[in-house]
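Reviewing the structure listed below.
The values are calculated or read from the model by the stated rules, or taken from the named source; none is laboratory data. Values in this document were obtained by computation on a predicted structure and should not be read as measured data. Using ideal geometry, Cβ is built from the backbone for each residue, glycine included, and neighbour counts are taken over all protein chains shown. The area values use the complete protein model at the heavy-atom level, side chains included, leaving out ligands, DNA and RNA. Shrake-Rupley method; radii C 1.70, N 1.55, O 1.52, S 1.80 Å.
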Amino acid sequence: MNGLAINNLSMRFELPNGSAVQALQDVSLDIKQGEILSVLGPSGCGKTTLLNIVAGFLAPTAGNIVLNGSDVHGPDAQRGMVFQKGALFEWMNVRDNVSYGPRMKGQRASEYAGNVDHLLDIVGLGDFKDKAIYELSGGMQQRVALARCLANDPDVILMDEPLGALDALTREKMQSLVLKLWKETGKTIILITHSVEEALLLGERLIVMAPRPGRIHKEYQLPFADLGVNADLREVKKHPEFGKVREEILSMIWDMEEEIMGRTEAAK
Amino acid sequence: MIPFLLYLGFFILSFVAVRAVVGGIARTGFSSLKTVTFGDESAVVPDRRASILSVIALFLLWGSFTGSALLPSFLHMPGPAVGEFTFEHTVQDADGNTDDATVTVLVYDPEVTEGEPEVPTVDPGDGFAKNDAMIIETYDSELARLQNNDELTRDDGTNIIAVNGEPITPGGRLEFDFGSITMSTRGSLNIAPDQGLQMEPIWLPPPEAVVSRLFEIANDGFRNFTLLEHLGYSLFRVVVGFAIGAAVGIPLGYAMGLSNWFRGWFDPIVEFMRPVPPLALIPLVIIWAGIGETGKIVLLFLAALWIMAIAARAGVSGVNITKVHAAYSLGASKWQIMRTVIIPNSLPEIFTGARVAMGVCWGTVVAAELVAAEQGAGMMIMTASRFQNTDIVILGIILIGVIGFGIDILMRIAERYLVPWKGKS
Ligand SMILES: Nc1ncnc2c1ncn2[C@@H]1O[C@H](COP(=O)(O)OP(=O)(O)O)[C@@H](O)[C@H]1O
Ligand SMILES: [Mg+2]
């Protein structure tokens with residue numbers, strides 16, 4: 001059975017002061033191989049927690065993760081992760097960052113060099129292979145992070161707001177790059193974002209989560225990712241359906257946030 | 001007080017003069033376009049002209065107050081009076097008769113005059129009080145036995161009652177332009193010629209004396225060891241003590257950053273030892289290990305150990321958890337993460353710790369050598385101070401400062417070369 005299954009996941013954080021946060025409640029999802037799924041939701045609804053459990057950094061209080069038929073325990077090279085920032089190794093140059101996974105597997109330079117160079121060319125860093133990380137801009141650093149993840153050839157790529165720290169223009173270019181990489185590599189991708197547009201543009205499927213307890217609120221099947229692979233993303237945004245869904249989701253999240261605020265007000 | 005006021009004056013004068021004649025330094029680059037510079041620390045750069053003037057000012061003051069031969073004499077502070085002067089003193093006998101007599105004093109500089117000069121010959125004069133003569137070294141004062149040669153001595157009930165016509169009583173003091181005269185409780189005059197404003201070499205030798213000492217000690221050595229050996233011994237102790245301290249402290253710090261048991265076991269020890277200044281351990285280390293090399297190296301080992309352990313622990317706790325997560329998801333094992341993430345990530349902290357530890361070790365070795373050693377920079381200045389060789393003391397202090405500074409510069413260069421990413425992420 002290929003693909004990623006998230007089965008009845010619950011996560012409860014016991015706080016030191018005795019109270020507890022139900023970060024996730026009975027979350028189930030099946031993700032087909034090669035699918036790109038985007039996850040939206042107000043802040044604090046458990047998106048990062050969900051991703052950390054899938055990556056294997058956290059053990060859920062209930063439920064399990066099954067990848068290609070076997071249970072997931074702990075992190076490994078099958079599930080690659082792209083973080084928002086700060087995950088590159090400053091003490092290595094660009095090339096050594098990208099070749100990190102293969103090197104840790106014990107591959108020799110002759111085995112991985114070709115692929116690493118190729119990936120760096122794809123992400124547009126062909127001329128920056130020997131640069132130090134701190135010499136690169138934020139957008140370039142995220143390209144390195146993408147290439148590093150791909151060089152390891154994982155089955156699933158998990159992205160937690162990977163473009164969240166970038167400026168709007170860089171972000172647009174990176175969105176196209178993510179789509180292009182997805183199409184070329186056929187990887188399964190889970191992408192968390194807090195930008196509704198990004199979620200619509202990049203997700204074949206989109207889930208909106210609701211907070212307290214964190215759960216799946218609504219699910220959409222979307223055509224835009226396939227459209228965007230071969231078109232300018234700005235054209236895709238002009239699609240009549242795009243604006244409609246965007247408004248719908250925006251007001252949905254808006255309502256949730258109002259509700260959270262109302263609850264905090266009431267609690268006072 | 002006077003040196004300080006002069007220094008202040010020099011400071012203000014150079015500021016005003018440089019500003020008026022050449023103007024302030026132009027801000028360059030981006031800072032030149034800033035309109036707000038007061039309060040913007042990044043817009044403050046050291047004015048190198050001020051640094052040069054500052055060093056010159058210190059040497060000027062030093063030379064001026066020591067009468068240095070390197071300075072033209074008009075820059076010298078007035079030195080001690082040298083040569084002859086005279087004063088009158090009035091003696092009263094038991095019956096109330098008074099008589100005046102002249103005292104001739106020759107002040108000589110023992111550094112210039114070889115041996116003691118002859119006491120000036122004077123005509124005894126008339127009356128029961130006879131004229132006197134005496135010699136005094138510069139910076140010295142002398143009790144004058146003026147009545148010994150008189151016709152009537154103190155045993156006959158005579159007393160000195162005035163100097164240059166000004167009355168004086170036992171315990172009193174009179175100031176003249178040649179110096180001061182005080183009367184002891186038994187009625188003798190103590191003559192202290194004017195010392196001027198210069199410092200006696202025993203307090204502060206002139207710069208050239210320190211420089212010539214440098215060459216002398218560099219050529220002939222000091223107390224059975226050459227200058228290089230003295231400095232080399234100190235450096236050797238620091239390097240060995242620090243190296244052992246780092247070799248033990250860094251793994252200890254890593255263990256404390258990675259394992260609950262190690263953290264729990266060593267926390268009380270490290271937290272207790274951290275605030276104990278290494279200097280406080282000197283007596284114990286001497287009792288245990290004696291004054292030889294072992295004791296000093298043990299002391300420096302202890303000085304470096306806690307600093308390096310804490311730096312390594314901070315380096316491990318400082319690792320951004322996303323880097324560790326990323327490494328795990330890229331398939332790295334624990335050992336690989338240790339080698340490729342935790343250790344490199346902790347290097348900046350370790351370098352900071354190493355710079356601190358080197359500074360502490362250098363200070364501690366000098367202090368330990370002050371207490372007990374047969375060679376070393378600290379022993380040199382301590383022994384010299386016992387024999388009042390102030391020039392060697394000052395030479396030693398300057399060398400200690402220069403070496404300490406040199407160590408820090410070397411560490412900074414090594415840091416820039418080995419952890420170029422420090423402070424850039
Ligand atoms: N380590 C933790 N300890 C306690 N509570 C946590 C922890 N991690 C997350 N939470 C809580 O779980 C909820 C979901 O957090 P998170 O998954 O980070 O949300 P999101 O990524 O959607 O903003 C939040 O209320 C947060 O406070
Ligand atoms: Mg989050």
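Tabulated values for the structure
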quantity: Where segment A:87-153 is the region considered: accessible area per residue in Å², 1.4 Å probe; calculated: 40
quantity: Accessible heavy-atom area order of B:T37, B:T226, highest first, probe of 1.4 Å; calculated: B:T226, B:T37
quantity: Pair B:F38, B:L70: separation of 7 Å Cα→Cβ label points (nm); calculated: 3.9
quantity: Given A:K85/A:K173; A:K173/B:K334; A:K32/A:K237; A:K187/A:K238; A:K218/A:K238, the pairs whose alpha carbons are separated by over 29 Å; calculated: A:K173/B:K334
quantity: Listed residue (B:I161, B:Q147, B:T90) projecting farthest to the positive dipole end of segment B:83-193, Cβ model; calculated: B:I161
quantity: Protection-proxy order for peptides B:417-423, B:28-34, B:345-351, each taking the mean of Cβ atoms within 10 Å per residue, highest first; calculated: B:345-351, B:417-423, B:28-34
quantity: Distant alpha-carbon pairs in segment A:105-151 (separation over 18 angstrom), percent; calculated: 27
quantity: Protein-protein interface of segment A:39-58, residues with accessible area decrease of at least 50 Å², isolated chain reference, 1.4 Å probe; calculated: A:F57
quantity: For A:K218, distant residues with modelled amide H under 5 Å away; calculated: A:V208
quantity: Average accessible surface area per residue within chain B, 1.4 Å rolling probe, Å²; calculated: 55
quantity: Interchain or long-range residues, amide H under 5 Å from B:G318's placed H; calculated: none
quantity: Check: segment B:83-193 dipole with +1 on Lys, Arg Cβ and -1 on Asp, Glu Cβ, in debye; calculated: 460
quantity: With every protein chain in place, chain B: carbon and sulfur % of accessible area (1.4 Å); calculated: 64
quantity: Under 15 Å, Cβ to Cβ, from B:G295 - net charge with Lys/Arg +1 and Asp/Glu -1; calculated: -1
quantity: A:D117/B:A367 FRET efficiency (R0 60 Å; Cβ-Cβ; nearest 0.05); calculated: 0.55
quantity: Estimated FRET transfer efficiency (B:L8, B:N260; beta-carbon r; R0 60 Å; 0.05); calculated: 0.55
quantity: Hz values of 3J(HN,Hα) by residue in segment A:204-215 - Karplus curve (6.51, -1.76, 1.60), Gly and Pro given as x; calculated: 5, 10, 10, 10, 9, 9, 10, x, 6, x, x, 7
quantity: Approximate spin-label separation B:D155-B:F215, in nm, with each point projected 7 Å along Cα-to-Cβ; calculated: 5.8
quantity: Residue-wise HN-Hα coupling along segment B:169-181, computed from phi with Karplus coefficients 6.51, -1.76, 1.60 (Hz; x: Gly, Pro); calculated: 10, x, x, x, 8, 10, 10, 10, 6, 8, x, 10, 10
quantity: Assigned charges on the beta-carbon of Lys, Arg, Asp, Glu; segment A:87-153 dipole about Cα centre (debye); calculated: 160
quantity: Total accessible area lost when A and B pair, probe 1.4 Å, Å² to nearest 100; calculated: 1900
quantity: B:D100-A:D130 pseudo-label distance in nm [points 7 Å out on the Cα-to-Cβ vector]; calculated: 9.7
quantity: Accessible-area composition of chain A, carbon plus sulfur, in percent [1.4 Å probe]; calculated: 49
quantity: Residues losing 50 Å² or more accessible surface upon assembly, segment B:284-333, compared with the chain by itself, 1.4 Å; calculated: B:T322, B:K323, B:H325, B:S329, B:L330
quantity: Folded to 0 to 90 degrees: helix B:207-220 orientation relative to chain B principal axis, Cα; calculated: 70
quantity: Using a Förster distance of 30 Å, the FRET efficiency for B:R412-B:I269 (Cβ separation, nearest 0.05); calculated: 0.45
quantity: Nearby aspartates and glutamates by direct alpha-carbon distance to B:K323 (threshold 19 angstrom, same-chain neighbours under 8 apart not counted); calculated: A:D76, A:E90, A:D96, A:E135, A:D153, A:D160, A:E161, B:E349
